[in-house]
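Scroll down for the structure; my scribbles are underneath it.
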2 protein chains.
Amino acid sequence: MDKILRINMSNLSVSSEEVPASWAQLGGRALTSTIVSAEVPPSCHPLGPNNKLVFAHGMLSGTTAVNTNRLSAGAKSPLTGGIKESSAGGTTAQMLAKLGIKALIIEGAPAQDAWYRIHIDKSGARIQEEKELVGKGNFAVFDAMGEQVGKKCGCLSIGHAGEFKMTGANISVRDKDGKIRSHGRGGLGAVMGSKKVKLISIDDTGCKGITLADPEKFRTAAKIFSTSIVNQPGIAHGMKPFGTAMLINAINEAGALPAYNFRNGQYPNHEKVSGETMRETILARGGEPSHGCAPGCAIQCSQVYVDEDKQFVTSGLEYETISLLGPGCDIDNLDQIAAADRLMDDIGVDSIEMSGAIAVAMEAGILKFGDAAGVLRLLKEEVALGTPLGRVIGCGAGTTGTVYGVTRVATVKNQAIPAYDPRPIKGIGITYATSPMGADHTAGYAIGPTLAGAIDGHKKDGQVELSRHLQFAAAAVDSFGICLFADMAISGDPQCVPALVDMLNARSGENKTAEDYIPKLGSYVLKIEHEFNCAAGLTSQQDRLPDFFSAEELPPHNLAWDFTGQEIDAFWNF
Amino acid sequence: MDKILRINMSNLSVSSEEVPASWAQLGGRALTSTIVSAEVPPSCHPLGPNNKLVFAHGMLSGTTAVNTNRLSAGAKSPLTGGIKESSAGGTTAQMLAKLGIKALIIEGAPAQDAWYRIHIDKSGARIQEEKELVGKGNFAVFDAMGEQVGKKCGCLSIGHAGEFKMTGANISVRDKDGKIRSHGRGGLGAVMGSKKVKLISIDDTGCKGITLADPEKFRTAAKIFSTSIVNQPGIAHGMKPFGTAMLINAINEAGALPAYNFRNGQYPNHEKVSGETMRETILARGGEPSHGCAPGCAIQCSQVYVDEDKQFVTSGLEYETISLLGPGCDIDNLDQIAAADRLMDDIGVDSIEMSGAIAVAMEAGILKFGDAAGVLRLLKEEVALGTPLGRVIGCGAGTTGTVYGVTRVATVKNQAIPAYDPRPIKGIGITYATSPMGADHTAGYAIGPTLAGAIDGHKKDGQVELSRHLQFAAAAVDSFGICLFADMAISGDPQCVPALVDMLNARSGENKTAEDYIPKLGSYVLKIEHEFNCAAGLTSQQDRLPDFFSAEELPPHNLAWDFTGQEIDAFWNF
């Protein structure tokens, strides 16, 4: 029987609870947001003892189906002041599912000034004081766990940023090769830091694994699902060889890059930081251009980036990081961007939030645009060390803007806007504005349909409806534990949705429809998240893009953001 | 005829407009809040070109009546995100009134990277580039204006903090002796800085002065008003000899000091920083224990604090500063507090916000509680120089808390809570929570009635009604241009309200009642301010005190803050 594992850091106690009936059929984001809504007072300080940090694997995690092992982390966000769910790959979702831990809830905060490690295995969870790894980066933590617990050790940890409770701090997840994935957004690493948990190590040795209500039906459906993903042209010819960085050239072509802190939709040196260039570079050096971030990944959009000496630099160098730190900050050198990505992983900061903060720091004159060496120095000598400037940057774009009096700050709900300018791809602007998460491209990825020509990104028509449809789907997919890129298969292949429904029913023993699993579940998730945010004091005024997107037309298409507040607010009419 | 002087910093133009009929009978806060409500988009960035900085003298300013020369400054606040009015003494209100400038509106922002001075005299206003005084503190600016324009020059200026656009920056006002008074709260200095206005110099030589509709009636009423103020025992035996610092012992007695960042309502060394000690110190050194901050002051609650060598240190060393920086930060040396006050005046930062930020910095371990030398170093070498740490502190208690992950941050709407703990004086807590200004003791000073025994501060009964009554009165008094301490006379002497009404009618030629002038005008002001805040995205969730006031009982009375949200929200039922 699955259970809820509850860890109270106020009295350092562990308890195991039955899963309430209303939570039994939920997973991932649907479950973290349900638990946060039910148990966290919306008005509480996000770094105080009344906030809770919740981890939940997806509804399909731990099964043999491909691309189903995403882990959701949830809490009240210290960055946005609203509810937060951030998902990541790695091995942890699969392990928690196999251990029968439906959700892990970390609550309270210790009175004493000490740091702790939580270890979870088949016998339960133990809390022990942690001294050795305090002050260390995520690589050191993961290496240590690989040695202490074993190569396959699952691990969730915070780096320096989480210890400093920076609102840009992420939670890192160990992947199958000991590399770093991240619950990147919303400062959840600061919440973990506020509970004085440096790391959670997981060992699933000897666990029973999950049970399927109908194994045969599951197997059949899982095969269709897998084939559909593998055969998607966008995956086979785009994501797999080039990673998400395949988007650099595509988004440049669409005129929606965030070049020079959202001053131009195109970047003259885009080829130097493109997915194609990255692939050539990696191949020439003997790295791996395709790599999976989680067990059972059929997409392999990650990669192992190595330096000129063939030494490992980073894994999972994403479009967002390359685009915001590259064109966004006028840095056209992939090696320097990769080096920054490695540092951000080690320090444990969200690379989107940091890139946004660095662009604001450049606006403030702290660094010049294009100063890659300055960026590396800033990360290594300021953020990692928690100097005053490092703490400011580590708290993200919004705080950096406040502290330096900069008005050109691309955030929504104080969360940095990802690497797609919303002026020529208006659907993503609606997602940025309305998502309860703050500016988040994954919450309703309108880029896909726009690039595919299903909608005109320059026009307002249909964008609110598109974003709503995509946000329902994303909330559902985040609950299944499926990665967003598998979503391309779901939406592109008519066979795929029935297979997905069969897998979900075969896992749970229910007999639900596609309508139940996608729009109904998605709209449920969005509604409870929106209600939490309203109770926390966020209003429709926070569902807005910054002034400058309306005031300035973006080259080359010379479009401004032109949605009225009323038009945006129509998003919530469901 | 009075006029509106409008200065557009985008195109460096000056225009003079007739006063709209609906503004004609307003002044001070009623007028700044009316103009901000009418002309500033509530969703705009407070430091962007769409915000406006508005100055308006009181309805009675420029007359011969005592204590009527307060100047109101208004804008959307970069600190709170809501509407702001902050009033100050000095000579500027009187000068603007005499020059017939009913309101001065500064809008737009220059594209070029230059600083400007605005000079106003009887011929109008001129904008000129300012180079010499940029980077200088307020004392240097005031001294320079005294030399360039004349000893009686009126001046509004920003120090380093306003140039850096710190959200704790104030606007300084020159007083009759060339000393510094401040529009302290809400970061209005950052708004002035965002418009690139370093200073506004005013010369009222040769102006016509104001006209009274009924000079004889005015004279009679003004005499009653003046006598009433001078005869108030609290003024004659408290404010005048000891300044507002007379409250140190009284608030210690009430158990409501903010000692050790609001951990104890009493401070063992309170006698060392009391008003009585300050008076003795000043008298022994040959300073002035009583001094007026504005022309026609009958109260003289300011003082000229001198050091052991009889050299001027600061003027207007207030209870708030002494209490928050003294007991609040465990500093029991008046000379060091006075030195910090001088630095804050020169840098141009709100001493309440800075003291709150310094207490948070002490929580973060940047300084130890009690480290007065460290405080002086922080102000001089960090805030004044705009170092990263200085900018964080200069942005106030809330930002310091965010950057350092501190949860014990005494703010409402991100504005630092003044020096009265709301747990044993509950009425002031209702004012902190509900005032559209953010935490502000002057917005509804429930301390007076509580100390006078008119209400039991430990009990909730009647506190919402008391705060509402006081907030109406404060909004009215802030509109008349009368200083808050004269309000003690108005509420304590039955002859005083009729005299005030007579003065207002004799000034304007109207025939209004006390009901019109106080609760009606006050409720009008509060309503438009509240509406602005709602449109800017503030909700009842921002009408709340920080968690720790509810979670912790305050010694010695061991009381917690126990108002429910619903009870607080009843404030707005009018």
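Output the number of residues of region A:367-392 satisfying the condition of being closer than 23 Å to B:Glu381 by Cα and either in contact with a Pro (Cβ under 9 Å, 6 or more places away or on another chain) or touching a residue at least 60 places away in the same chain (Cβ under 8 Å) (or both). Final tally of qualifying residues: 10.
Taking region A:199-224 as the range and being open to solvent by less than 30 Å² (accessible area, probe 1.4 Å) and of a type outside the set (S, T, N, Q) as the test, the residues that pass are A:Leu199, A:Ile200, A:Ile202, A:Gly209, A:Phe218, A:Ala221, A:Ala222. If you go through region B:340-349 and keep only what is open to solvent by 10 Å² or more (accessible area, probe 1.4 Å) and touching a residue at least 60 places away in the same chain (Cβ under 8 Å), you end up with B:Asp345, B:Asp346.
Taking the residues in region A:10-32 that are among the hydroxyl-bearing types (Ser, Thr, Tyr) and in contact with a Gly (Cβ under 8 Å, 6 or more places away or on another chain) as candidates, determine which candidate is surrounded by the most Cβ atoms within 10 Å (Cβ to Cβ).
Residues of region A:10-32 among the hydroxyl-bearing types (Ser, Thr, Tyr): A:10, A:13, A:15-16, A:22, A:32.
From the residues that got through so far, the ones that are in contact with a Gly (Cβ under 8 Å, 6 or more places away or on another chain) too are A:10, A:16, A:32.
Numbers: A:Ser10: 12, A:Ser16: 12, A:Thr32: 31.
The qualifying residue surrounded by the most Cβ atoms within 10 Å (Cβ to Cβ) is A:Thr32.
Mind checking which residues of region B:225-239 are assigned to a loop (DSSP other than H, G, I, E, B) and open to solvent by less than 10 Å² (accessible area, probe 1.4 Å)? Matches in region B:225-239: none.
With a requirement of 3 or more residues that are within 9 Å of another protein chain (Cβ to nearest Cβ) and crowded, with 24+ Cβ neighbours inside 10 Å, the helices (runs of 4 or more DSSP H) lying completely within region B:351-410 that satisfy it span B:388-394, B:396-404.
Answer with yes or no whether A:Ala340 is more than 14 Å from chain B (Cβ to nearest Cβ), out of contact with any strand residue (DSSP E or B) (no Cβ under 8 Å at 6 or more places or on another chain) and more than 25 Å from A:Val141 (Cβ to Cβ). First the steps, then the outcome.
Values: more than 14 Å from chain B (Cβ to nearest Cβ): yes; out of contact with any strand residue (DSSP E or B) (no Cβ under 8 Å at 6 or more places or on another chain): yes; more than 25 Å from A:Val141 (Cβ to Cβ): no.
When the stated conditions are applied, A:Ala340 does not pass them.
Can we say B:Met503 is within 20 Å of B:Ile229 (Cα to Cα), hydrophobic (A, V, I, L, M, F, W, C) and open to solvent by less than 20 Å² (accessible area, probe 1.4 Å)? Here the answer is yes, as B:Met503 does meet what is asked. Being more than 22 Å from B:Gly234 (Cβ to Cβ), outside any helix (DSSP H, G or I), more than 21 Å from the chain's Cα centre (by Cα) and at pLDDT 95 or above is the requirement here; does B:Asn505 meet it? No.
Within region A:434-453, identify whether any single residue is assigned to a helix (DSSP H, G or I), more than 12 Å from chain B (Cβ to nearest Cβ) and under 30 Å from B:Ile393 (Cβ atoms), and answer yes or no.
Filtering region A:434-453 for residues assigned to a helix (DSSP H, G or I) gives A:434, A:441-443, A:447-451.
Next cut, more than 12 Å from chain B (Cβ to nearest Cβ) only: A:434, A:441-443, A:447-451.
Still in the running and under 30 Å from B:Ile393 (Cβ atoms): none.
No, the conditions are met nowhere in region A:434-453.
Looking across region A:93-104, just one residue is small (Gly, Ala, Ser) and surrounded by fewer than 24 Cβ atoms within 10 Å (Cβ to Cβ), and that is A:Gly100.
Listed residues B:Ala551, B:Ala535; which is within 14 Å of chain A (Cβ to nearest Cβ), open to solvent by 50 Å² or more (accessible area, probe 1.4 Å) and either under 23 Å from B:Ala75 (Cβ atoms) or over 26 Å from the mean Cα position of the chain (by Cα) (or both)? Please lay out each step first, then the result.
Working: B:Ala535 fails: open to solvent by 50 Å² or more (accessible area, probe 1.4 Å).
Among B:Ala551, B:Ala535, only B:Ala551 is within 14 Å of chain A (Cβ to nearest Cβ), open to solvent by 50 Å² or more (accessible area, probe 1.4 Å) and either under 23 Å from B:Ala75 (Cβ atoms) or over 26 Å from the mean Cα position of the chain (by Cα) (or both).
Hey, could you check region A:443-472 for residues that are of a type in the set (Val, Ile, Thr) and surrounded by 21 or more Cβ atoms within 10 Å (Cβ to Cβ) and say which is nearest to the chain's Cα centre (by Cα)?
Looking only at region A:443-472, we keep the residues that are of a type in the set (Val, Ile, Thr), and these are A:447, A:450, A:455, A:464.
Now drop any that are not surrounded by 21 or more Cβ atoms within 10 Å (Cβ to Cβ), which leaves A:447, A:450, A:464.
Working: A:Ile447: 17, A:Thr450: 22, A:Val464: 23 Å.
Filtering first and then ranking leaves A:Ile447.
Number of residues in region B:556-568 that are touching a residue at least 12 places away in the same chain (Cβ under 8 Å), open to solvent by 40 Å² or more (accessible area, probe 1.4 Å) and assigned to a loop (DSSP other than H, G, I, E, B) equals 3.
Can you tell me which residue in region A:473-500 is most open to solvent (accessible area, probe 1.4 Å), limited to those that are outside any helix (DSSP H, G or I) and in contact (Cβ under 8 Å) with a residue 40 or more places away in the chain?
If we filter region A:473-500 for residues that are outside any helix (DSSP H, G or I), which is where we start, we get A:481-485, A:493-495.
Of the ones still in play, those that are also in contact (Cβ under 8 Å) with a residue 40 or more places away in the chain are A:481-485, A:493, A:495.
Details: A:Gly481: 1, A:Ile482: 3, A:Cys483: 19, A:Leu484: 37, A:Phe485: 53, A:Asp493: 32, A:Gln495: 119 Å².
Top of the filtered list is A:Gln495.
Residues in region B:137-169 that are open to solvent by 30 Å² or more (accessible area, probe 1.4 Å) and within 21 Å of B:Cys395 (Cβ to Cβ): 4 in all.
What residue, of A:Glu85, A:Glu107, is among the charged types (D, E, K, R) and surrounded by fewer than 24 Cβ atoms within 10 Å (Cβ to Cβ)?
Values: A:Glu85 fails: surrounded by fewer than 24 Cβ atoms within 10 Å (Cβ to Cβ).
Sole residue among the options that is among the charged types (D, E, K, R) and surrounded by fewer than 24 Cβ atoms within 10 Å (Cβ to Cβ): A:Glu107.
The values are calculated or read from the model by the stated rules, or taken from the named source; none is laboratory data. Fair warning: this is a prediction, and the values are worked out from it, not measured in the lab. Every residue, glycine among them, receives a Cβ derived from its backbone with ideal geometry; neighbour counts consider all protein chains shown. Quick note on the areas: whole protein, heavy atoms, side chains included, nothing else; ligands and nucleic acids left out. Shrake-Rupley method; radii C 1.70, N 1.55, O 1.52, S 1.80 Å.
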